[in-house]
Amino acid sequence: MFVDEVEIEVIAGKGGDGCASFRREKYVPRGGPDGGDGGRGGNVIFRADKDISGLGHLAMQKVWKAKNGQQGQSSQCHGASAEDLIISVPVGTMVFDLNHDILLKDLTENGADFIVARGGFGGKGNLRFKTATNRAPRTATPGEAGQSRQIRLELKMIAQVGLVGKPNAGKSTLLSRLSRARPEVASYPFTTKSPCLGLVQVDPDRSFVMADIPGLIEGAHQGIGLGHDFLKHIQRAGILVHLVEPCPDDGTDPVENYRVIRSELERYDAELGKRQEIVVVTKTDLPQAATVAERFREELKCEPMLISSATGSGLRELVFRIAEILNPPTCW
């Protein structure tokens, strides 16, 4: 099951206690304090990993705790510091402080680290308290407690291109034809139940990431249907590719369907309404496709692209059109 939001508690490790001990050897006439310091507790770190696609691996464990530092020992031996607890999350994960509802970090780059809870410092051994007037201190301090935080993780996928449209518009089929992604494809609505990313290779030197978002219906911005849960995943997309089915199975009007989806995007986030968009009429092997494309030209004053994922018609032109918008040619 795809999980894009979890709430967990993170607890950094406690620092090790300092040691209070004295050197006592048979042939050493003058001993003295020799207690070592405690080791530092482990930090809790979030690390962005491009090979992870969701937060499901964190959903079943609510508390993540780093190890404590080791206690100091005699003979001036310091305790070992604990290893950091590294929690891998998908690229695009946003880290929120749950209690204060503030964004702590947005992990948008692969390999990026964020220390969400710092381990406590180790306590001081009694050797640290030795002075000219206090040659036999019996004082050692305890280790410091590690930080504890209630955290909410929210995933917003990093994709340069977002596929939007009504259910069964052909988004999953298009993604499977352009990339190695294998979303579920079937002839009924709401086949896609979670976002899916695919890498589209334009040529040896150019590529882009495309996201297939579950189909939207009227009222999606209010929580109706499946797509509302995943609208946030297209907020980072630089380009929206709006797929329009020329002959919907439910008998609805294709142009009106386009207007409905545009309205839902704008109501969810006004910035999405300003995002650059490519209108694509799919399934051009159907006779109604040409008529629908002409209606878009006349009624909406836009020039749609026509493609067929079944025959491959127009796919190459669409890929190069997207690449041209993402990386416009440089004028010398």
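Worth a mention:
- A Gaussian network model of the chain, with springs between Cα atoms under 10 Å, assigns the largest mean-square fluctuation among Ala66, Ala112, Ala293 to Ala112.
- (1) -0.45, -1.19; (2) -0.54, -1.25; (3) -0.61, -1.05, with the label sought being that of the calculated log10 I(q)/I(0) by the Debye sum over Cα atoms at q = 0.09, 0.14 Å⁻¹: (3)
- In a DSSP loop and with at most 10 other Cβ atoms within 10 Å, the GluC sites (Glu not before Pro) in region 1-69 are Glu25.
- Region 88-154: trypsin sites (Lys or Arg not before Pro) falling in loop per DSSP and having at most 12 other Cβ within 10 Å: Arg135, Arg138
- Pairs from Lys50/Lys283; Lys105/Lys232; Lys156/Lys283; Lys166/Lys232; Lys50/Lys105; Lys14/Lys62 whose Cα-Cα separation, in the structure shown, is over 23 Å: Lys50/Lys283; Lys156/Lys283
- Beta bridges per DSSP, both residues in the chain: antiparallel share near 55 percent.
- Residues whose amide H comes within less than 5 Å of that of Lys65, counting only those at least five positions distant or on another chain, are Ile11 (H built at 1.01 Å from N in the peptide plane).
- Rounded to the nearest whole Hz, the Karplus-based 3J(HN,Hα) values (6.51 cos²θ - 1.76 cosθ + 1.60, θ = phi - 60°) of region 300-307 follow the sequence 10, 6, 10, 9, x, 8, 10, 9, with x at glycine and proline.
- Gaussian network model of the chain, springs between alpha carbon atoms under 10 Å - residue of Ala145, Ala48, Ala12 with greatest fluctuation: Ala145
- Those trypsin sites (Lys or Arg not before Pro) in region 237-324 that DSSP places in a loop and that have at most 13 other beta carbons within 10 Å: Lys301
- Accessible area expressed per residue, region 60-126, with surrounding protein chains retained (probe 1.4 Å, Å²): 58 Å²
- Accessible surface of the chain [probe 1.4 Å, protein heavy atoms]: carbon and sulfur percent: 49 percent
- Where region 263-332 is the region considered: accessible area per residue in Å², 1.4 Å probe: 60 Å²
The values are calculated or read from the model by the stated rules, or taken from the named source; none is laboratory data. Keep in mind that what you see is a predicted model, and the values were worked out from it rather than measured. Heads up, the Cβs are rebuilt from the backbone with ideal geometry, glycines too, and the neighbour counts pull from every protein chain shown. Please note that ligands, DNA and RNA were not included when accessible areas were found on the heavy atoms of the full protein model with its side chains. Shrake-Rupley method; radii C 1.70, N 1.55, O 1.52, S 1.80 Å.
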